[in-house]
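Asks: Structure in structure tokens, see below.
The values are calculated or read from the model by the stated rules, or taken from the named source; none is laboratory data. Note that the coordinates shown come from a computational prediction; the quantities given were computed from them, not determined experimentally. A quick note on method: Cβ atoms are made from the backbone with ideal geometry, for glycine too, and the neighbour counts reach across all protein chains shown. With ligands, DNA and RNA removed, areas are computed over all heavy atoms of the protein, side chains included. Shrake-Rupley method; radii C 1.70, N 1.55, O 1.52, S 1.80 Å.
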Amino acid sequence: MTTETMFGRAIKRREDPRLITGRGNYVDDVKLPGMQRVFFVRSPHAHARIVSIDTAAAEAHPGVMKVFTAKNLPATPVPCGVTIPNIGQKTPGYTMIASDRVRYVGQIVAAVVASDLGTARDAAEKINVEYETLPVVVDAEKATEDGAPLVHDEIANNTSFVWRLDGGDIDAAFGEADVVVKQRLVNQRLIPNAIEPRAVVGRFDRVTGEMTLWDTNQNPHIIRLLISLLTGLPESKLRVIAPDVGGGFGSKIFLYAEQLLVTAIAQDLQVPIKWAESRSENYLSTAHGRDHITYAEMAFKKDGKLLGLKVKTYANMGAYLSTFAPLIPTNLYGTLLSGVYDLPALSCEVHGVLTNTVPVDAYRGAGRPEASYLLERLMDLAATELGIDPAEIRRRNFIKGEFPHRVITGMNYDSGDYEGNLNKALQQFDYTGWRAKQAEARARGKYIGIGLGCYIEACGIAPSKIVGTVWGGGVGLWESSTIRFHPTGKVTIYTGAHSHGQGHETTFSQLAADALGVPFENIEIVHGDTGQVQFGMGTYGSRSLAVGGTSIVKSAEKLIEKGKKIAAHLLEANPADIEFKSGNFSVKGSPDRSKSIGEVALAAYVPHNYPDDLEPGFEAQTFHDPSNFTFPAGTYMAVVEVDPETGKVTPLAFYCMDDCGNVLNPLIAEGQVHGGVAQGIGQALYEYAVYDENGQLVTGTMMDYAVPKASQVPPVTTGFAPVPSPSNPMGVKGIGEAGTIGSTPAIANAVMDALSPMGIRHIDLPLTPQNVWKAIQGK
């Protein structure tokens with residue numbers, strides 16, 4: 001047994017040696033006897049009717065097993081799992097393979113199965129698809145205009161839904177205002193770049209009727225449920241395995257056409273089928289993120305007091321509604337528009353717009369980065385307008401007082417100290433010192449900028465009733481765990497969460513080691529396999545520790561309660577007199593009379609001397625549904641230099657002060673922040689998914705879509721200012737998306753601060769050298 005506390009220790013990830021030495025097991029590593037490869041033929045047009053498909057030459061190609069089109073495959077729908085109540089949401093039909101019309105470049109029209117990928121690709125080139133091209137629209141705002149081409153004939157003005165959120169007296173707020181800042185803001189479309197593209201392997205057992213799918217996803221039970229509902233395959237006959245997964249960032253939550261097609265083709269041919277996405281396919285078919293055009297107005301008194309906010313957003317949903325797409329620009333965006341500020345009045349209107357582009361869904365942060373960018377840019381614009389320091393205008397408007405605190409959007413913030421967080425950040429970041437350095441640099445003709453971003457996010461989305469009834473989500477958002485003691489004292493934990501870079505094998509073991517008093521190295525974490533793990537909801541929305549971790553703690557508590565009864569029997573004591581500490585059950589006041597939890601576990605499996613009223617065995621299971629979200633928050637600061645001759649922005653330093661509640665593993669938490677900051681800087685300075693007027697993805701490779709290199713990310717200094725959450729026993733909140741949410745506005749504000757001597761007020765993202773140079777030339 002152990003007395004060493006694991007919570008708060010910076011332990012290196014135990015899974016890393018396997019992964020960094022090439023011993024990971026990814027979907028593309030799966031090799032099965034007789035396995036065939038499938039290559040998907042995708043539309044080169046953004047909008048067209050399919051006149052005909054001639055597959056004869058492809059079918060005659062040596063090595064081809066079969067060619068599939070909509071004529072010899074079922075019209076299985078690719079579903080949207082969300083229908084938000086009372087907004088008149090129109091969800092267009094979407095099938096796994098196009099039959100008569102394509103609506104974005106990359107939509108699947110045919111599939112070729114062959115002995116190897118090269119053969120399948122060569123044969124696919126022989127398929128002749130005749131298209132009749134149709135008018136295209138890619139801009140969400142323009143798509144709503146009268147006369148714009150319709151993506152779906154039955155959906156007027158391409159508007160899938162209009163969502164509204166109002167609170168307070170917005171007219172009175174603006175009527176009272178001394179200053180109103182207005183800005184059109186573009187939160188550009190981004191492409192997720194997980195290091196491992198998507199892949200699926202399907203194997204159908206003709207004897208048992210069982211289908212096994214190896215799939216790069218973040219929530220295998222949800223994928224199994226959806227495929228079962230759509231295909232009629234019983235869940236008992238469908239096993240989904242998400243093995244080692246190389247990143248997700250939200251893009252691997254959803255059910256895609258490819259998973260359904262591999263399932264159908266494997267059933268049809270009754271041989272194993274593999275599909276592994278290329279990077280160019282990834283850009284054309286995996287769900288994109290962000291893509292908002294927003295008109296925002298913020299009202300203030302002359303002393304900087306915030307009075308109200310008006311927001312009208314055009315959210316580009318792509319050609320179809322992806323699995324959870326409607327939630328992102330609505331309940332995960334609009335409800336966070338109070339931020340960390342005491343906002344008295346809000347008017348928010350979001351138009352979910354269909355265009356001839358890849359569908360848009362959750363991408364790291366999922367609505368929260370869009371809300372944070374809007375708020376923090378307007379705060380800086382107001383600071384400039386009112387002549388107030390950016391830190392001071394935020395300080396004057398922070399939420400103060402007791403928590404929980406319900407804000408104008410309806411969210412009930414669990415805990416926080418936003419002013420304390422800012423003050424700690426400014427001191428540790430040497431904000432005053434940087435301002436002095438900035439003044440000295442400007443005297444030498446250097447354009448140095450300092451930008452702040454104060455963010456809040458909602459994590460551990462819950463409870464299930466709210467998500468289902470108010471938000472229209474088709475699933476619950478609880479999490480499950482089973483803790484199983486083996487007779488030898490070793491422990492296996494089966495978690496419904498899924499790890500694809502988060503470090504669960506380490507952090508969940510730390511939790512359990514403390515709760516059960518067993519050595520860290522004696523604990524095994526099992527996840528990602530519906531054949532082994534009880535039903536679970538997966539990983540996204542920074543929920544793993546707050547929801548999945550709580551489930552593990554509760555399962556441990558159940559084991560300890562059972563263990564007390566067993567120990568009492570063995571020690572001939574009253575169960576009420578048994579206490580548990582550091583892995584030992586002992587009699588109160590007589591610590592020498594004790595049994596270790598390992599001894600108790602063995603007794604449970606060899607119940608010769610055992611309580612009559614207890615079942616043998618030593619394991620416990622919990623399905624935990626949280627009572628509320630958790631609300632991480634923080635202050636980020638960026639320092640940049642802008643070259644006025646070229647427009648190039650060079651980040652010099654980046655600082656993070658996060659309140660993610662109590663920190664279980666500082667090393668892993670810092671790693672999450674570093675990765676998030678890199679992605680946020682990527683959005684601020686480099687990344688942009690660009691479509692031309694014909695709906696062609698111009699940035700279709702890494703030659704054109706600029707993912708930041710390590711050399712382009714500045715030194716990142718992290719700090720933590722925890723205010724424990726009352727929503728779970730560990731007091732944790734979440735850290736997986738914070739870096740992405742807080743960093744983009746901090747960088748943008750720093751660039752605008754650097755350019756302020758030129759009178760430049762705002763430049764839309766991304767702040768590439770070209771965009772910045774154009775703005776400078778305009779002045």
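Asks: Estimate the FRET efficiency between Lys142 and Ala441 by the formula 1/(1 + (r/R0)^6), using the beta-carbon distance for r and 60 Å for R0, to the nearest 0.05.
Replies: The pair Lys142/Ala441 has a calculated efficiency of 0.90.
Asks: Residue by residue, what Karplus-based ³J(HN,Hα) values in Hz, rounded to whole numbers, does the range 60-76 have, using 6.51, -1.76 and 1.60 with θ = phi - 60° and x for Gly and Pro?
Replies: In residue order, the calculated couplings are 7, 5, x, x, 7, 8, 6, 10, 10, 9, 5, 6, 10, 10, x, 7, 5 Hz.
Asks: Using helices alone, I'd like the mean residue ellipticity at 222 nm for the chain: each DSSP H run of four-plus residues gives -39500 (n - 2.57), total over residue count, nearest 500.
Replies: -8000 deg cm²/dmol
Asks: I've got another one for you. Peptides 666-673, 639-646, 533-540: what's the order by average Cβ count within 10 Å, highest mean first?
Replies: 533-540, 666-673, 639-646
Asks: Hey, another quick one. Could you give each residue of the range 688-701 its phi-based ³J(HN,Hα) in whole Hz, using Karplus coefficients 6.51, -1.76, 1.60 with θ = phi - 60°, and x for Gly or Pro?
Replies: With the stated coefficients, the range 688-701 comes to 6, 7, 10, 10, 8, 5, 9, x, 7, 6, 5, 9, x, 9 Hz.
Asks: Over the range 251-358, average the accessible area per residue using a 1.4 Å probe and give it in Å², no decimals.
Replies: That works out to 18 Å² for each residue.
Asks: Right, something else. What residues have an amide H closer than 5 Å to that of Met411, excluding those fewer than 5 places away on the same chain, when H is modeled at 1.01 Å from N in the peptide plane?
Replies: Excluding prolines and chain starts, which carry no amide H, there are no hits.
Asks: Give the Kirkwood hydrodynamic radius (Å, one decimal) of the range 381-425, defined as one over the mean of 1/r across all pairs of different Cα atoms.
Replies: Final number for the Kirkwood radius of the range 381-425 is 11.9 Å.
Asks: Further question on the same structure: Among all helices in the chain defined by DSSP H, which have a length of 30 Å or more along the axis from Cα atoms plus a Kyte-Doolittle mean of at least -1.0? Don't skip to the answer; put the middle values down first.
Replies: On the way: long enough: 550-571 (31 Å, 0.10).
Passing helices, by number: 550-571.
Asks: Please work out which option in (1) 36.0; (2) 46.2; (3) 59.5 gives mean projected area of the Cα convex hull in nm² calculated from these coordinates, and answer with its label.
Replies: Checked against the structure: label (1).
Asks: Ok, one more. I need the shape label for the range 632-696. Rule: rounded when a/c is under 1.5, else prolate if a/b > b/c, else oblate, with a, b, c from the alpha carbon gyration tensor.
Replies: In terms of gyration-tensor shape, oblate.
Asks: Once you have a ≥ b ≥ c as the square roots of the Cα gyration tensor eigenvalues for the range 291-420, tell me rounded if a/c is under 1.5, and otherwise prolate or oblate according to whether a/b is larger than b/c.
Replies: Verdict is prolate for the range 291-420.
Asks: In terms of the Cα gyration tensor, with a ≥ b ≥ c the square roots of its eigenvalues, is the range 1-148 rounded because a/c is under 1.5, prolate because a/b exceeds b/c, or oblate?
Replies: oblate
Asks: Modelling each spin label as a point 7 Å along the Cα-to-Cβ direction, I'd like the Leu614/Ser278 distance in nm, to one decimal.
Replies: It works out to 6.1 nm between the two label points.
Asks: Going by average Cβ neighbours within 10 Å, how do the peptides 516-528, 11-23 rank, with the highest at the top? Please list the in-between numbers first.
Replies: Details: 516-528: 20.2, 11-23: 13.2.
So the order, starting with the most tightly packed, is 516-528, 11-23.
Asks: Multiplying the sequence separation of Met703 and Ala57 by 0.36 nm and subtracting their Cα-Cα distance, what value in nm do you get?
Replies: 229.2 nm
Asks: Per-residue counts of other Cβ atoms within 10 Å, averaged by peptide: what ranking do you get for 280-289, 404-413, 364-373, highest first?
Replies: 364-373, 280-289, 404-413
Asks: With contacts defined as alpha carbon pairs under 8 Å and 6 or more residues apart, what's the relative contact order of the chain in percent?
Replies: 16 percent
Asks: How many angstrom lie between the Cα centre of the range 428-474 and the Cα centre of the range 402-424?
Replies: Answer, in whole Å: 15.
Asks: What's the local net charge at Trp773, with K and R +1, D and E -1, over the other residues with C-beta under 13 Å away? If you can, show how the numbers build up before the last one.
Replies: Values: positive: Lys648, Lys774, Lys779; negative: Asp643, Glu645.
For residues surrounding Trp773, the net value is +1.
Asks: Moving to a separate point now. What is the Cα coordinate range of the range 82-140 on the first, second and third principal axes, sorted by size from largest, in whole angstrom?
Replies: Projected onto its principal axes, the Cα set of the range 82-140 covers 50, 27, 20 Å.
Asks: Residues of the range 114-248: accessible area per residue at 1.4 Å, in Å²?
Replies: 42 Å²
Asks: Could you please put Thr635, Thr55, Thr384 in sequence from largest to smallest accessible area, using a 1.4 Å probe?
Replies: Thr384, Thr55, Thr635
Asks: Could you do me a favour and compute the accessible area per residue for the range 487-589, 1.4 Å probe, result in Å²?
Replies: Dividing the accessible area of the range 487-589 by its residue count gives 32 Å².
Asks: Of the accessible area of the range 34-137, with the probe set at 1.4 angstrom, what percent is carbon plus sulfur?
Replies: 49 percent
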